Structures are given as structure tokens and as C-alpha cells.
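Participant: One structure, pasted below without further comment.
Bear in mind that the values in this text are calculations on the coordinates, not laboratory data. Remember, predicted model here, so these are calculated numbers, not experimental data. In this analysis, Cβ positions are derived from the backbone assuming ideal geometry, glycine residues included, and neighbour counts consider all displayed protein chains.
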């Protein structure tokens with residue numbers, strides 16, 4: 001097997017490499033809001049993959065460690081990845097693509113519905129504000145086909 005040659009999509013991911021501080025707000029419904037803060041270290045695996053490991057705490061003192069992997073699969077023509085968290089048993093797998101303007105990555109996954117009834121579609125969005133600031137949004141597909149944003153995080157580069 002020949003070594004893979006990095007593409008523009010891989011370079012896009014390499015922008016994430018570094019140390020970050022984050023601040024997340026969640027809102028499942030009007031009565032269920034949460035706030036989380038923490039840090040994340042993103043490292044490159046060669047020039048093709050990134051691995052982000054974060055450690056954070058909610059305002060009520062609950063801790064979570066999360067690991068996100070992202071790459072680009074030229075055969076699929078899509079970004080691919082996975083997500084695990086110490087606060088859940090689900091292994092999330094992603095496929096996604098860049099929005100036309102190029103600073104937004106849409107990642108799609110299937111998983112358990114918040115209602116506890118079956119599965120639903122989710123979209124996680126990585127959005128660059130500038131070289132040292134990015135946003136992360138999580139949305140769930142509603143029965144009418146619209147997307148409901150239930151979480152937003154802001155990442156600030158600290159190293």
C-alpha cells in the first residue's frame with residue numbers, strides 16, 4: 001500500500017492542532033440547561049488525522065473526558081471520524097463535508113433520540129471564526145426535518 005498524500009481537506013483539519021480552552025452551553029429544553037468548561041489538546045496523527053482529547057467540568061461538578069478523531073477519506077469524498085465520552089456508552093461515527101464557504105464542517109451521525117424512542121440524526125458543526133477561535137454546535141433532527149440546536153461551544157486557542 002502506498003503512503004497517502006495529504007489533500008486540502010487534511011490541511012483544513014490541521015488548523016485544529018494545538019491547545020484550547022472551551023466553554024459550552026446546552027439547552028435540551030427550557031427547563032434543562034447546562035454549562036461546561038474545560039480544555040482540549042488536539043494533536044496530528046501524521047498529516048492525515050487529528051485526535052482531540054478534552055477534559056471538562058459542568059457547573060455542578062460532573063467531569064467528562066471526550067475523544068474526537070477526524071480525517072478525510074478520499075475514496076468516500078467525505079470527512080470521517082468518531083467521538084467517545086466518559087459520560088456515555090455510545091460510540092459515535094461521523095461522515096461529513098465542508099460547507100461551500102469553506103470555514104464550516106458539517107458532521108453527521110445517527111444515535112439514540114433524546115426522547116428514548118428509537119434513533120435520530122444529529123449534526124455537529126465545526127465553524128472557524130478566526131485562526132484562534134472556533135465554534136462547535138450540536139443539532140438534532142426534528143420530526144418535521146428541521147434541525148434543533150441544543151449545544152454550542154466556543155474554543156479559544158491557548159497554545
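Participant: Give the dimensionless ratio obtained when the Cα radius of gyration of the range 39-83 is divided by 2.2 N^0.38 Å. Could you put the intermediate results ahead of the total?
Facilitator: Working: Rg = 13.5 Å, N = 45, 2.2 N^0.38 = 9.3 Å.
With N residues counted in the range 39-83, Rg over 2.2 N^0.38 Å equals 1.44.
Participant: Mind checking the full-extension length gain between residue 101 and residue 114? Use 0.36 nm per residue of separation minus the Cα-Cα distance, one decimal, nm.
Facilitator: Result for the pair: 1.6 nm of gain on full extension.
Participant: I would also like to ask the following. When a footprinting reagent is the concern and you count Cβ atoms within 10 Å, what order do 16, 1, 36, 142 take, fewest first?
Facilitator: Ascending Cβ contact count within 10 Å gives the list 1, 142, 36, 16.
Participant: Continuing with this model, one more query. Let a ≥ b ≥ c be the square roots of the eigenvalues of the Cα gyration tensor of the range 58-141; is it rounded (a/c under 1.5), or, if not, prolate (a/b larger than b/c) or oblate?
Facilitator: oblate
Participant: Now, a different point. Run the helix sum for the chain: -39,500 (n - 2.57) per DSSP H stretch of 4+ residues, divided by residue count, reported at 222 nm to the nearest 500 deg cm²/dmol.
Facilitator: Using -39500 (n - 2.57) per qualifying helix, the result is -1000 deg cm²/dmol.
Participant: Now for a different question. Relative contact order, percent, of the chain when contacts are C-alpha pairs under 8 Å separated by at least 6 residues?
Facilitator: Relative CO of the chain lands at 18 percent.
Participant: May I pose another question? Roughly what would the spin-label model give for residue 146 and residue 25, points 7 Å off Cα along C-beta, in nm?
Facilitator: 2.0
Participant: Treating the Cα atoms of the range 8-157 as identical point scatterers in vacuum, please give the log10 of the normalised Debye intensity I(q)/I(0) at q = 0.13, 0.18 Å⁻¹, two decimals.
Facilitator: At q = 0.13, 0.18 Å⁻¹ the computed log10 ratios are -0.59, -1.19.
Participant: So for 7, 157, fewest C-beta neighbours within 10 Å to most, what's the order?
Facilitator: Least crowded to most crowded, the residues run 7, 157.
Participant: For a quick check: sort 155, 122 by the number of other beta carbons within 10 angstrom, fewest at the front.
Facilitator: 122, 155
Participant: Another question, if that's okay. Express in nm, to one decimal, how much length is gained between residue 76 and residue 2 on full extension, taking 0.36 nm for each residue of separation and deducting their alpha carbon distance.
Facilitator: 24.9 nm
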